[in-house]
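*Asks:* Quick one: the structure is below, questions incoming.
The values are calculated or read from the model by the stated rules, or taken from the named source; none is laboratory data. This one's a predicted model, so the numbers in the text were calculated from it and none came from an experiment. For neighbour counting, all protein chains shown are included, and Cβ atoms are generated from backbone atoms with ideal geometry for every residue, glycine included.
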Amino acid sequence: MGKILVTAKVNPDLDGSSCTLAYSNLLGKMGQDAEGSIFGSPQFEVEYFIEKHDVQIPQRQDESSDDWDLFVLVDASSMKGLPKVIQVEKVIEVIDHRISEPEKEFTNAKIQNEIIGAAATLIVERFIKVGKKIEKDHAKLLYGAIYHNTLNFIATNTTERDKSAALYLERNYDLSKGIIQEMFNFATQKILASVQTALESDAKEFGPGWQVGSYQLVVWGSEIFSQRDNIVKSLNELRIRMGQDWAFVNVIDLKSRKSHIFSDPKGEYILSKALGAKFKNGWAKLPAILRKQIMPKIDELIVHR
């Protein structure tokens, strides 16, 4: 069949990183020649497991390579943001969990795209289905990814399948929610140390023909809001540097279960329509909502207005 690379977007979050490692391992257990690797730099939640749990994360620079024959994508539904090595016609499988249409781009791929909290849940379910054991370090990553992607189970994208997968990992791999609180606290301290660095590492773009800067910070507690001016300054500098038409940042405080969204005037108008949000001095406060939930609403409004 050829050598398979399993990977996610460049600079992947914990969901993409955990799925990359665990699913490549599962393919190997099933007799396939598969390798999992992330491209770019891991995000703060991933750094927590590297620094505090000594989890090994294979990392590569985002550059072209002919090391692989075929590709499997996890926690990704389009070519936007993928590593340079990916060849669209050689993608044989896509595993994701968001509103998207990957079948339009990846016509040769088997696709599982289900609207649930975390792609990690889909990977856990696959291990259970075939009766294979998850490596302990991978179980830790998957467990963290489920909690991170569901915002500690408060996000509206959370499903019973996500909760069941997390419970399965707790019971079978001696895990507890203590590491989840540590993970969120670790990431929060990293963000507080440098808001601009955090935003740069999270840089996203969205939409064909659009240059929308879409940024997200997930923190525990309100201390971040003492840096509102720094957030606004950093966002505006990034928007100009990236050549973006407009930009917004979604700051999610897990402790208060709220999203605090800042945008420039053009984005403020669009977001107020898309989300029914009321902005004051550039900021709006909503029940916790993820970027991946915001973007389809923006797209829907832009396409049909």
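*Asks:* Say whether the condition of being of a type in the set (A, V, I, L, M, F, W, C) and in contact (Cβ under 8 Å) with a residue 60 or more places away in the chain is met by at least one residue in the stretch 211-218. So that I can check it myself, show each step before the final result.
*Replies:* We begin by selecting, within the stretch 211-218, every residue of a type in the set (A, V, I, L, M, F, W, C); these are 212, 217-218.
Among the residues that remain, those that are also in contact (Cβ under 8 Å) with a residue 60 or more places away in the chain are: 212, 218.
Yes: one or more hits.
*Asks:* Follow-up question, since we're still on this one. May I ask you to verify whether residue 118 is under 20 Å from residue 56 (Cα atoms), of a type in the set (A, V, I, L, M, F, W, C) and in the same structural domain as residue 14 (by TED's automatic domain parsing)? Full working, then the answer.
*Replies:* Values: under 20 Å from residue 56 (Cα atoms): no; of a type in the set (A, V, I, L, M, F, W, C): yes; in the same structural domain as residue 14 (by TED's automatic domain parsing): yes.
So residue 118 fails the test.
*Asks:* Looking only at the stretch 261-283, count every residue that is touching a helix residue (DSSP H, G or I) at 6+ places or on another chain (Cβ under 7 Å) and under 30 Å from residue 181 (Cα atoms) and tell me the total.
*Replies:* 5
*Asks:* Scanning the stretch 108-148 for residues that are in contact with a strand residue (DSSP E or B) (Cβ under 9 Å, 6 or more places away or on another chain) and either in a loop (DSSP other than H, G, I, E, B) or modelled with pLDDT under 95 (or both), which turns out farthest from residue 79 (Cα to Cα)?
*Replies:* In this case the residue turns out to be 114.
*Asks:* Testing residue 214 on (1) surrounded by 14 or more Cβ atoms within 10 Å (Cβ to Cβ); (2) touching a Lys or Arg at 6+ places or on another chain (Cβ under 8 Å); (3) among the polar types (S, T, N, Q); (4) more than 20 Å from residue 43 (Cα to Cα), one condition comes back false. Which one is that?
*Replies:* (4)
*Asks:* Another one. Quick check: is even one residue across the stretch 185-207 in contact with a Lys or Arg (Cβ under 8 Å, 6 or more places away or on another chain), free of Cβ contacts under 8 Å to residues at least 40 places away in the same chain and either assigned to a strand (DSSP E or B) or buried (at least 18 other Cβ atoms within 10 Å of the Cβ) (or both)?
*Replies:* Taking every residue of the stretch 185-207 in turn, none turns out to be in contact with a Lys or Arg (Cβ under 8 Å, 6 or more places away or on another chain), free of Cβ contacts under 8 Å to residues at least 40 places away in the same chain and either assigned to a strand (DSSP E or B) or buried (at least 18 other Cβ atoms within 10 Å of the Cβ) (or both).
*Asks:* Got a sec? Which of 76, 109, 119, 165 is touching a residue at least 12 places away in the same chain (Cβ under 8 Å), within 27 Å of residue 293 (Cα to Cα) and out of contact with any Ser or Thr (no Cβ under 9 Å at 6 or more places or on another chain)? Give the steps one after another, and end with the answer.
*Replies:* Values: 76 fails: out of contact with any Ser or Thr (no Cβ under 9 Å at 6 or more places or on another chain); 119 fails: out of contact with any Ser or Thr (no Cβ under 9 Å at 6 or more places or on another chain); 165 fails: out of contact with any Ser or Thr (no Cβ under 9 Å at 6 or more places or on another chain).
Going through 76, 109, 119, 165 in turn, the sole match is 109.
*Asks:* Going through 273, 266, 297 one at a time, which residue ends up being over 30 Å from residue 189 (Cβ atoms), part of a helix (DSSP H, G or I), under 21 Å from the mean Cα position of the chain (by Cα) and not assigned by TED's automatic domain parsing to the domain that holds residue 96?
*Replies:* Numbers: 273 fails: under 21 Å from the mean Cα position of the chain (by Cα); 266 fails: under 21 Å from the mean Cα position of the chain (by Cα).
297 is the lone residue from the list that is over 30 Å from residue 189 (Cβ atoms), part of a helix (DSSP H, G or I), under 21 Å from the mean Cα position of the chain (by Cα) and not assigned by TED's automatic domain parsing to the domain that holds residue 96.
*Asks:* From the set of residues in the stretch 221-230 that are touching a Leu at 6+ places or on another chain (Cβ under 8 Å) and surrounded by 15 or more Cβ atoms within 10 Å (Cβ to Cβ), which is farthest from residue 260 (Cα to Cα)?
*Replies:* Looking at the filtered set, the residue picked out is 227.
*Asks:* Looking at residue 87, is it under 18 Å from residue 9 (Cβ atoms), out of contact with any helix residue (DSSP H, G or I) (no Cβ under 7 Å at 6 or more places or on another chain) and at pLDDT 95 or above?
*Replies:* Numbers: under 18 Å from residue 9 (Cβ atoms): yes; out of contact with any helix residue (DSSP H, G or I) (no Cβ under 7 Å at 6 or more places or on another chain): yes; at pLDDT 95 or above: yes.
Spelling it out, residue 87 is indeed under 18 Å from residue 9 (Cβ atoms), out of contact with any helix residue (DSSP H, G or I) (no Cβ under 7 Å at 6 or more places or on another chain) and at pLDDT 95 or above.
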